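Structure record follows, encoded as structure tokens.
Rule-based calculations on the coordinates, nothing more; no lab input. These numbers come from a predicted model, not from an experiment. Cβ coordinates were reconstructed from backbone atoms using ideal geometry, including for glycine residues, and neighbour counts include every protein chain displayed.
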Amino acid sequence: MAAASNLVLRFATAIVGVPVILALIYVGPPWGFYAFIAVAALVGSHELFTMTHPGDRLAQAVGVLVSAVASGAVFFFHDDARVLVTVLVAVPLFGPLFTLVRLGNVETAALRACAMGFGPLFVMVPLTLLGLMRVTFGAVGSGMVVLSLGLAWFADTGAYFAGRFLGKHKLYEAVSPKKTVEGAVGGLAASVVWALFGTFVYMRGSLPLAHAVPLALVAGVLGQAGDLGESLLKRSTGVKDSGSIVPGHGGILDRVDAVIMTSAVVYLYGVWTT
């Protein structure tokens, strides 16, 4: 009964949220879509730092601030290699340096140092690439964004139903006890279906069939790995959900864990093929 209620809530959230997101992707200006993505990503970043820096509001705020700066630098100066290299070098170095001046419990210092140095790049930068696609890929940019989101969310739906009705073999029980091999295969199949839908419908003429299937397989596998990776973070920090801001879905990070991977895959595909 609880599972059915949660499913209804998920669909209700999607019915409200999907049209808004599509309007921002296809109708709104690129900066408007980026602003939407940035706000969501900052919430996700806060959820991450809440897990890695529990009770330390200053560290959480600093982590979100560094994430915002990294995101803005990547979006607004994406064509300046000097800025991009500075972000890639300075942010990881900042983590241990910040932890030195805010030591706290020595036993968790390594975790906090790595999280502060890696967290802004892990959450904010891949999601910023969604906004960047609108700017750098021209007429196909909107379709690339939809492809990225669909490869994650359509796969999640396929994995849910395949796992619920066919799941028998555990996929990675130590990290996520409910996920099954059958669910993973169903999610991967759903990724391929979404990419094929792109080839023949929303990216017709821009996504060759020969590219669609391999891209879906790579993004589908890495998207599910991203989901497992976030489950690992939650389990290791004793958290059930990253937050509760999205009805039926938990936190923002719970909803974009796979998108973090698929957006990076699709963006890199676009960079190397367009």
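Going from the fewest other Cβ atoms within 10 Å to the most, the residues His211, His169 appear in the order His169, His211. Ranked for footprinting exposure by Cβ neighbours inside 10 Å, fewest first, Val69, Val146 give Val69, Val146. For Val89 and Phe161, a Förster radius of 41 Å and the Cβ-Cβ distance give a FRET efficiency of 0.40, rounded to the nearest 0.05.
How would you rank 175-187, 123-135, highest first, on the average number of other Cβ atoms within 10 Å across their residues?
Per-residue mean Cβ counts within 10 Å order the peptides as 123-135, 175-187.
Taking a point 7 Å out from the Cα of Glu107 in the direction of its Cβ, the residues of segment 54-81 whose backbone N falls within less than 19 Å of it are 54-56.
Build a GNM of the chain with springs between Cα atoms under 10 Å apart, and of Val221, Val140, Val18 the one that fluctuates most is Val18. Each eigenvalue of the Cα gyration tensor of the chain, multiplied by 5 and square-rooted, gives one semi-axis; in descending order these are 29, 25, 17 Å.
Over the chain, how many pairs of lysines fall under 17 Å by alpha carbon, counting only those 8 or more apart in sequence or from different chains? Count of close lysine pairs: 8. Positive end of the dipole of segment 63-177 (Cβ unit charges, origin at the Cα centre): among Gly158, Val101, Met124, the Cα lying farthest that way belongs to Gly158.
Placing +1 on the Cβ of every Lys and Arg and -1 on the Cβ of every Asp and Glu, with nothing else charged, gives the chain a dipole about its Cα centre of roughly 300 debye. GNM remark for the chain: springs join alpha carbons under 10 Å apart, and the peak mean-square fluctuation among Gly63, Gly143, Gly104 falls on Gly104. Approximating the spin labels as points 7 Å out from Cα along Cα→Cβ, the Arg82-to-His211 distance works out to 3.2 nm. Along the axis of the charge dipole computed for the chain (Cβ charges of +1 for Lys and Arg, -1 for Asp and Glu, origin at the Cα centre), the listed residues Ala184, Thr136, Leu215 are led at the positive end by Ala184. Comparing mean-square fluctuations of Ile252, Ile21, Ile260 from a GNM of the chain with C-alpha springs under 10 Å, the top value falls on Ile21. Helices in the chain, meaning DSSP H runs of at least 4 residues, each add -39500 (n - 2.57). Divided by all residues, the mean residue ellipticity at 222 nm is -27000 deg cm²/dmol.
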